[in-house]
Amino acid sequence: MSPPRKLHIKSYGCQMNVYDAQRMVDALTPEGFVETANVDDADLVILNTCHIREKASEKVYSELGRLRVARDEAASHGRRMQIAVAGCVAQAEGEEIIRRAPVVDVVVGPQSYHNLPQLLARADRDGRALETEFPIDDKFGVLPQPAPDAIRARGISAFVTAQEGCDKFCTFCVVPYTRGAEMSRPVAAIVEDVKRLAENGVREITLIGQNVNAYHGDGPDGRAWSLGRLVRRLAEIPGIVRLRYSTSHPNDVDEDLLAAHRDLPALMPFVHLPVQSGSDRILAAMNRKHTADDYRRVIDRFRSASAVIAFSSDFIVGFPGETERDFSATLALVAQIGYAGAYSFKYSPRPGTPAADMPEMVPAAVMDERLERLQQLIDQQQSAFNKAAIGRTVEVLFERAGRKPGQIVGRTAYLQPAHVMAPDSIIGQVLPVRVDSLERYSLLGELASATSRPADAMAATGA
Ligand code: SAH
Ligand code: SF4
Ligand code: F3S
């Protein structure tokens, strides 16, 4: 047998990219590849790229410059290093990468990872290979499956793709172009994946998709199932104790999803619901197709379904034409909703998107200053949310050993890291933790005594 070839994947971008990196490993494992953490050792380096903002996108070329040096160094020792570019920059700028970066052997778009072995062989034969076609019918028919030991090595929390692509065409966003049209996987395929994960020790599933609550996959009854219905089915699978989904769009929140939050203890009361701006004028220019009040109403509906629900969001500051008044509306919305956390970004014009041609760019200094003010407000809210856990008993799903000896780390329903001193055997269990302090973003505490009633623990998780 030939020795294993070493594979190093560097991922940027969203959860879907993190998950895709695992899919690439799964596609290459049967070819005799094993992962290495050391890029200089690798026989194949894959850059799994993100196109969402200019900064993310431009990283690719500087990274390729560094890889050229590593490749030449390997070559001087008689070892060949192949270099592939995957992800959303590959999809959006594949031809340009081939032109600009002779060091690249393979360019592969997100819909073609199952073809990686063939593409590597093609690059061997023809020098280079590029594949960025979108499949016409089924994006998901050919997902490589992880081996049981790979599932176990990845831990007790796993991502599963429910949906991919986006038909919303927000005017600032590249995702509809890089991930293509919105498609949902059939219910049966997702159920099968989740069962296999659960059988190999996974306890928490996060369903992912660019617009995961637009899910409308074929159900076993021949009808399209909503995300709420899918989640209800997954909650029945033995071993699955927590379910999450990300990312949601405010316009796709339906009664099924709210009912799932009302009825299912396994569905975590923490929802990432990006709004981008609090100004109706800017929301319209962004083609969001909802107003700030529509968004407030969606939040209210979630809150009536579950009293303990908390939210995070994404914001863009400095969208073309954004005035101080528009920005104040964003601050007002944040102040009113009260988030457990949020991401905020400066607007970055993306080639090919409608907003890139809009006049009235907001000056960089103004963007900086607005971002700073928004982040300050969000930080205050996040730290108030975290502080509120002190003195309470919260449910924690334990995931892995911590950095200190004897320490075990888990997460609360709201994804806050929580640390306790306890035996390894608690990994994989949900247990009540009495929180006594906060260290940066992590909750520190101890396992609550067995006498604490679960009802107390439930009530205490409230925001
Ligand atoms: N629905 C998607 C959103 C992907 S992009 C999902 O699956 O998460 C994540 C966030 O990046 C967006 O919500 C938006 O806030 C931000 N973003 C997208 N395009 C941007 C741009 N051109 N400039 C700045 N931020 C952007
Ligand atoms: Fe991008 Fe808008 Fe689609 Fe989200 S909903 S992926 S921001 S186009
Ligand atoms: Fe980036 Fe593509 Fe995700 S552009 S955010 S990696 S869908």
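The values are calculated or read from the model by the stated rules, or taken from the named source; none is laboratory data. The structure displayed is predicted, hence computed values, not measured ones. As a convention, Cβ positions derive from the backbone with ideal geometry for all residues, glycine included, and neighbour counts pool all protein chains shown. All accessible areas refer to the heavy atoms of the entire protein, side chains included, with ligands and DNA or RNA removed. Shrake-Rupley method; radii C 1.70, N 1.55, O 1.52, S 1.80 Å.
Can Glu58 be described as more than 16 Å from ligand 2 (Cβ to nearest atom), closer than 30 Å to Met183 by Cα and surrounded by fewer than 22 Cβ atoms within 10 Å (Cβ to Cβ)? Here the answer is yes, as Glu58 does meet what is asked. Can you tell me how many residues in the range 419-451 are under 28 Å from the mean Cα position of the chain (by Cα) and either acidic (Asp, Glu) or in the same structural domain as Val202 (by TED's automatic domain parsing) (or both)? The number of residues fulfilling the criteria is 2. Of all positions in the range 154-169, at least one carries a residue that is more than 21 Å from Thr206 (Cα to Cα), in contact (Cβ under 8 Å) with a residue 60 or more places away in the chain and within 16 Å of ligand 2 (Cβ to nearest atom). For first residues located in the range 201-218 and within 16 Å of Cys170 (Cα to Cα) and within 12 Å of ligand 3 (Cβ to nearest atom), partners that are open to solvent by 10 Å² or more (accessible area, probe 1.4 Å) and at pLDDT 95 or above and lie 6+ apart or on another chain with Cβ distances below 6 Å form the pairs Gln210/Cys166; Gln210/Val175; Asn211/Cys166.
Determine the pairs where a residue that is assigned to a helix (DSSP H, G or I), located within the range 88-99, has a partner that is open to solvent by 40 Å² or more (accessible area, probe 1.4 Å) with Cβ atoms under 7 Å apart, the partner being 6 or more residues away or on another chain. Hits for this filter: Cys88/Gly13; Ala92/Tyr177; Gly94/Leu130; Ile98/Arg128; Ile98/Leu130. The condition (being assigned to a strand (DSSP E or B), under 25 Å from the mean Cα position of the chain (by Cα) and closer than 30 Å to Arg434 by Cα) is satisfied by just one residue among Ala342, Ala384: Ala342. Hey, does the range 307-316 have a residue that's in the same structural domain as Asn213 (by TED's automatic domain parsing), part of a strand (DSSP E or B) and surrounded by fewer than 20 Cβ atoms within 10 Å (Cβ to Cβ)? Scanning the range 307-316 turns up at least one residue that is in the same structural domain as Asn213 (by TED's automatic domain parsing), part of a strand (DSSP E or B) and surrounded by fewer than 20 Cβ atoms within 10 Å (Cβ to Cβ). Condition check for Pro363 on (1) over 21 Å from Leu267 (Cβ atoms); (2) open to solvent by less than 60 Å² (accessible area, probe 1.4 Å): one failure, at (2). When the range 41-55 is filtered for residues that are open to solvent by 10 Å² or more (accessible area, probe 1.4 Å) and touching a strand residue (DSSP E or B) at 6+ places or on another chain (Cβ under 9 Å), the ones remaining, listed by number, are Asp41, Asp43, Cys50, Ile52, Arg53.
Applying the set (1) outside any helix (DSSP H, G or I); (2) without any contact (Cβ under 8 Å) to a residue 40 or more places away in the chain; (3) crowded, with 20+ Cβ neighbours inside 10 Å to Gly228 leaves exactly one unmet item: (1). Within the range 401-408, does at least one residue satisfy the condition of being more than 26 Å from the chain's Cα centre (by Cα), away from ligand 3 (no atom under 16 Å from the Cβ) and at pLDDT 95 or above? Yes. Of all residues in the range 168-209, those that are within 10 Å of ligand 1 (Cβ to nearest atom), closer than 28 Å to Ala153 by Cβ, part of a loop (DSSP other than H, G, I, E, B) and modelled with pLDDT of 95 or more total 1. Scan the range 100-115 for residues that are surrounded by fewer than 22 Cβ atoms within 10 Å (Cβ to Cβ) and closer than 12 Å to Val45 by Cα and the total you get is 1. Considering (1) surrounded by fewer than 19 Cβ atoms within 10 Å (Cβ to Cβ); (2) farther than 20 Å from Phe159 by Cβ, the lone condition that Tyr19 does not fulfil carries the number (2).
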